[in-house]
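The values are calculated or read from the model by the stated rules, or taken from the named source; none is laboratory data. On a predicted model such as this, the values are computed, not experimentally measured, just so you know. Cβ coordinates were reconstructed from backbone atoms using ideal geometry, including for glycine residues, and neighbour counts include every protein chain displayed. Note: accessible area is taken over every heavy atom of the protein model, side chains too, but ligands, DNA and RNA are not part of it. Shrake-Rupley method; radii C 1.70, N 1.55, O 1.52, S 1.80 Å.
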Amino acid sequence: DAEITQSPRHKITETGRQVTLACHQTWNHNNMFWYRQDLGHGLRLIHYSYGVQDTNKGEVSDGYSVSRSNTEDLPLTLESAASSQTSVYFCASSESTRGHEQYFGPGTRLTVT
Amino acid sequence: DQQVKQNSPSLSVQEGRISILNCDYTNSMFDYFLWYKKYPAEGPTFLISISSIKDKNEDGRFTVFLNKSAKHLSLHIVPSQPGDSAVYFCAALKAGDYKLSFGAGTTVTVRA
């Protein structure tokens, strides 16, 4: 069955370290998204991509970057982790033809100490 | 500025009764609306959606109502079941776009 996976599921890192969170989908979806979930804020969009080599900033993109070298993967990099980036991170994907429904991964809980 | 608002952070309802979750939006460019359900330690899953050309969409126990003039939508769950205990997110989409704007979520607890 097609799916979307995230790794690691849990990560503890220190302030200032570079961290990369992986996202892999097997639906062959063009659209991929990264969100963070924080209490009182719901899901906020960090970065998104509508195809290979395409990346765009979302509403909370400062301190994060993404790259899209193939259809299946959209890794999220925290260049220099900060305590404010402690959060739960969700990756999602959707079809271009349908577009509306996004399918989410299980999430990565990141703690920056 | 949050364009999709869920002003009730939590809702407690007795099993078998109706759950009503509310959502307001400010951007008149939104033309498609979705509800997602999220259990702890899992990703959100799509529940039900509605296009702006409709005012109601029903799927089993779940019905979404849209009032465009009031920029308001609601999700009705009838009857509520213990498995419905979860966080529910309202989300909206602009025409021709694929990015979702989410509300803060409402935690529903169904009491036995």
Checklist line | Vicinal HN-Hα couplings computed from phi for the range B:9-16 (Karplus, 6.51 cos²θ - 1.76 cosθ + 1.60; Hz; Gly/Pro x) | finding: x, 8, 8, 10, 9, 7, 3, x
Note to self: Which residues belonging to the range A:43-85 lose at least 10 Å² of 1.4 Å-probe accessible area when the assembly is complete, relative to their chain isolated?
What the structure shows: A:L43, A:L45, A:Y48, A:Y50
Check: Per-residue HN-Hα couplings for the range A:38-52, Karplus 6.51 cos²θ - 1.76 cosθ + 1.60 at θ = phi - 60°, whole Hz, x for Gly and Pro?
Finding: 10, 4, x, 10, x, 9, 10, 7, 9, 8, 8, 9, 9, x, 4
Note to self: In whole Hz and in residue order, list the ³J(HN,Hα) couplings for the range B:55-62 that follow from phi through the Karplus curve 6.51 cos²θ - 1.76 cosθ + 1.60, θ = phi - 60°; x for Gly and Pro.
What the structure shows: 10, 7, 9, 10, 8, x, 7, 10
Notebook entry, point to check: Per the Kirkwood treatment, what hydrodynamic radius in Å, one decimal, follows for chain A from the mean inverse distance over all distinct Cα pairs?
Noted result: 13.9
Next item on the list: Could I have the simple spin-label model distance between A:E79 and B:N7, label points 7 Å from Cα toward Cβ, reported in nm to one decimal?
Entry: 4.0
Next item on the list: Measure off, as a whole percent, the carbon and sulfur share of the 1.4 Å-probe accessible area of chain B, all protein chains present.
Entry: 49
Item checked: Proportion of all alpha-carbon pairs of the protein assembly as shown beyond 30 Å (%) -> 24
Notebook entry, point to check: Roughly how much of B:T109 is accessible, in Å² to the nearest 10, using a 1.4 Å probe?
Noted result: 70
Notebook entry, point to check: How much accessible area does A:I12 have with a 1.4 Å probe, in Å² rounded to the nearest 10?
Noted result: 130
